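Let me begin by presenting the structure, written as structure tokens, before commenting on it.
Just so it is clear, none of the values below were taken in a lab; they were calculated from the coordinates. What you see is a predicted model; the values in this text were computed from it and never measured. Here the Cβ is made from the backbone with ideal geometry for all residues, glycine too, and neighbour counts use every protein chain on show.
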């Protein structure tokens, strides 16, 4: 009887040890089988291109820097370029992108236009006018990324002829690609822009992560960068981690380490005009 008990106890202990060892091996096997987290996408920032100091530009009576004088491209150049692309001209005191009809930066002499001073906390004001069926955009907090478009790193205030451009009806939610929306993420409400051929006033406020779009003196968008809300907006858009990993990486860290970047105007291949461009620095 005593031998039987001892034998049974020994067998039980061996089973326990075997069970523990097997559990550890199973855990190790599961860990080995689990897919490794994808490495962050790699990219190269263009850091050696010309810049200007916004404080060298004239100010109006409200203390806003006048960054377009209506006559020259002083302070402006192409995105990822040293000079202004030829598709951009000055017409009747306005900056004009002359449409190529070939879509985003489709012309050989096209490409997006940026103001060469990085901004952090600011109010940007300007007026825009589109031709029939035209599309463009106003970018902010741009990082210049080699071989990539401006919108891969920058939020966009949409500029569009809602009535005649198909983009107005696209996107996961109706309105997220209409004028003054946070492009592909948040619709502008109300939709109060004037029709093509007429001037619209825009203000973009960017202050310590809070961003607001104003269209014709009404606030139409508000959101908050570098927050769970911002991540949720990205994940529901064309810039999600799954759909476009590099865009997600750059936009999640919008403005880079210093939360600053360039403002820019988009060449989408259509005729669009901009004027009365001023910036109030809020730092």
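If you average the sequence gap of Cα pairs under 8 Å that are 6 or more apart and divide by the length of the chain, what percent do you get for the contact order?
Relative contact order here is 26 percent.
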Fluctuation leader among 213, 268, 259 - the chain, Gaussian network, Cα springs under 10 angstrom
259
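What translational diffusion coefficient, to the nearest whole µm²/s, does segment 105-254 have by Stokes-Einstein, given a Kirkwood radius computed over alpha-carbon pairs, a temperature of 37 °C and 0.692 mPa s viscosity?
D, rounded to a whole number, is 209 µm²/s.
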Estimated [θ] at 222 nm from DSSP helical runs (n ≥ 4, -39500 (n - 2.57)) normalised by residues in the chain, nearest 500:
-5500 deg cm²/dmol
Taking only the Cα positions of the chain, the convex hull volume per residue in Å³ is 180
A chain fully extended from residue 90 to residue 120 at 0.36 nm per residue, minus the present Cα-Cα distance, gains in nm 8.1 nm
Using r as the Cβ-Cβ distance of residue 39 and residue 172, and R0 as 22 Å, what FRET efficiency do you calculate, to the nearest 0.05?
0.20
